1. Distance from the Cα centre of segment B:253-317 to that of segment B:103-126, in angstrom?
2. Which value, in debye to the nearest 20, describes the size of the charge dipole of the protein assembly as shown about its Cα centre when Lys and Arg Cβ atoms bear +1, Asp and Glu Cβ atoms bear -1, and nothing else is charged?
3. Under the 0.36 nm per residue contour assumption, what length would be gained going from the current alpha-carbon distance of residue B:184 and residue B:309 to full extension?
4. Say each of residue B:206 and residue C:76 gets a label point 7 Å from the Cα, pointing the same way as Cα to Cβ; how far apart are those two points in nm?
5. If the viscosity is 1.567 mPa s and the temperature 4 °C, what translational diffusion coefficient in µm²/s does Stokes-Einstein give for segment A:7-161 when Rh comes from Kirkwood over Cα pairs?
6. Tell me the Kirkwood hydrodynamic radius of segment A:152-292 in angstroms, computed as one over the mean inverse distance between distinct C-alpha pairs.
7. Using only Cα atoms and rounding to the nearest 10 degrees, what angle (0 to 90) does helix C:51-63 make with the longest principal axis of chain C?
8. List, in order, the whole-Hz ³J(HN,Hα) value for each residue of segment B:201-217 obtained from phi through the Karplus relation with A = 6.51, B = -1.76, C = 1.60 and θ = phi - 60°; use x for Gly and Pro.
Amino acid sequence: MSPGLEVTGPRRAPALEVTGLGVRYRRTWALRDCSLSVPKGSVAALVGPNGAGKTTLMHAAVGLLRPALGGVRVAGEAAFVAQDKPLYESFTVAEMLVFGRRTNTRWDGAAAADRLAGLGIPPGRKVGALSGGQRAQVAVTLALACRPDLLVLDEPLANLDPLARHDVMRSIMAEVAERELTVLLSSHVVSDLEETCDWLVVLNGGRLQVSGDIEELLDGHLVLTGPDGASAAGTRVVGASRTGRQVTMLVRGAPPLDPRWQARRPGLEELVMGYLRSPESAALPGLAGVGA
Amino acid sequence: MIWVTWRQHRAQIIVTAGFLAVLGVLLLGSAVEASRYVAEHAPPGCPGPAVACGEVAVALGRRYDAVYSVFGWMPLVLPALIGAFWGAPLLAREYERGTHRLAWTQSVPVWRWLAVKLSLLGGAVVAGGLLLSVMVSLWRPVFRTGVDSTFGNIGVFNMVGVAPAAWWLYAFALGTAAGSLFRRTLPAMALVVAGVAVSMFTLFQLSDHYAEPARAELSGTVLLDDHDARLVRAAWVEPSGREVAEPAGTGCPRRVDVGQSSRNAEAWQACLFGKGYRYAVYYHPPSRFWRFQWTEAGILALASAALGALAVRRTLH
Amino acid sequence: MIEFTLDRGSGVSTYLQLVHQVKQALRLGTLRPGDQLPTARQVVESLAINPNTVLKAYRELEREGLVEGRPGMGTFVRQGVAGATLAEHTRLRRALEAWVRDARAAGLDQEDLRALFAVVLADAAKEGVA
């Protein structure tokens, strides 16, 4: 076990720090007033509907675009696996590794070759002839071979079958277990992230809605079910839905005094959905402290 | 990065090198064949005024035409191809396939990626252009010594000296810039083809102004005794010394020629010359070959630099 | 060595599932004092979960005194689960089997049995005897 994986203990230094980030495409803002930090060694999930600004945030983090406002700071080197895992189709797998070696100062070619051999991906095969899962593995291997401090993955699991999703996640998690690596990965399927991520960032319509430790967030929220009219005083309502005379609410804070409420801890998906349905709500460290 | 550039563009490099090799073999073969023909058929004393010499010269001209017609289209088509297949895909294909997000997120900074690719490929293109020029320059004298030089025919002019290298570089830069603007290979290719054609026509028009034309006053003929000069314009000079475009009130009858004949025009010209008119011709003599070559190369190099800068700016955003 | 599995639909948090599986293995004797638990990397490689989750589970087991981490070597079992011994376990299991047969004879189906068991378990928890 590596020593850098403490969950509790003092707050870890940030691996990624975003301050007042604003990105504009022509006249529309893709990202506005976005400030967050992801602590070292965490696996952060970046979730939000399509067009929320996830890719924009990631591109800003890896320097693919220059923000109009604010800035992004990465502690150390970042590696990026873009959406659809772009690779050179006419290259063989081995040539992709040469490409990585020639375009990077840090490069662990032996580890990369071992990984691909372990996955049974033939080095002589053309990239264009790989299956979706193999392609994803090659892209992830290239990114990991740079020995990055921050690994940014844009929709790494999209278009993969369940087995390939599992395999890709295993590869990434094994690397996290091995050394101090921070991961930022985006998905619009929350259930993909349930067991793998310990940090949550929710973007919605170009604005940051949630940023914090997943356990603390889940501990700080409750799902209340009760009759319409029951008092939820003392809590902060994130969102509510009514069916007939029954109300279901996602709230922050301690359970309310009204005994008619049934309270339970939300699941990750419930928490995310609750926020996405109420774009005006936010749970940010800067506003009220995570898990108030 | 050198390996990356080679690996990504080796198809273009190999095809271009192969083309130049085939062309070289063709030119060499045709030159050797022509030399052998001359050795066998030309009697001693040729070139000279003998009838046999004329026959050899005509046969040589025919041999020249056969090969020239094969690559007569090259001055226009080759730069267009270079622009379309070397320049246009350079950035456009990366954008099109999304691989710019791979290439530009490695530790090599984008500006270096661009610098290496532009300088290596640009250098290769210039070398290819120069090689073409050398081959054509070595081949032509076998047939054309004493017939014409390489100045008057704009097609030949663009295949010798530094012109091919300049045109190839310009087309490459144009393709790269178009790729950075459209971010799609096909539209960028189309723009290159159109752009090279328009540029060539424009520079051809412009080339009259590369230098102050020389002036010659002719009497008795309207034809300059230099096949290889570039005519800029001509005018009639009245006996008083005034230049006019169309002599009026001369008293010389002017009739329209029918068919291929130019008898009426010649009669009119002879009448004018008889009345003391002279014919002024403004032209560029072939001795200005290098001046024109370097002027054109300079313009194209500047344009290439501007287009390259545009592509870099667009890419670095 | 123990091999962990994951029930993703159970609603029980991942780290608790790992804790339960270790305890279960201790009860059944498949894990004995001195045995080594798989490293975080090994667990992660088979389950594709966050390594911090594994460490959290191991820390919980350590807190309960069941395992101990030896720096640079790994995590090892210290002692079996306190409370029921293996013999007692067998006796209780027999009694439960008899009860299930009884309930079946009374016409309860699988679902009824589960519900009844859950209710009794919950009530017992409330009274603080579980």
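1. 39
2. On the way: 75 positive and 65 negative charges, 142 e Å.
Dipole of the protein assembly as shown, to the nearest 20 debye: 680 debye.
3. Values: separation 125, 0.36 × 125 = 45.00 nm, distance 1.91 nm.
Gain in length upon complete extension: 43.1 nm.
4. 8.4
5. On the way: Rh = 16.9 Å.
Rounded to a whole number, D works out at 77 µm²/s.
6. Details: mean 1/r = 0.0605 Å⁻¹.
One over the average 1/r among Cα pairs gives 16.5 Å for segment A:152-292.
7. Taking the Cα atoms of chain C, the angle to C:51-63 is about 70 degrees.
8. Per residue, the Karplus-derived 3J(HN,Hα) values read 5, 4, 5, 4, 5, 6, 5, 4, 9, 4, 8, 5, x, 7, 10, 10, 9 Hz.
The values are calculated or read from the model by the stated rules, or taken from the named source; none is laboratory data. Predicted model, so just to flag it, every value in this text is computed and none were measured. Virtual Cβ from ideal backbone geometry, glycine too; neighbours counted across all protein chains shown. Remember, those area values only see protein heavy atoms, side chains included, never the ligands or the DNA or RNA. Shrake-Rupley method; radii C 1.70, N 1.55, O 1.52, S 1.80 Å.
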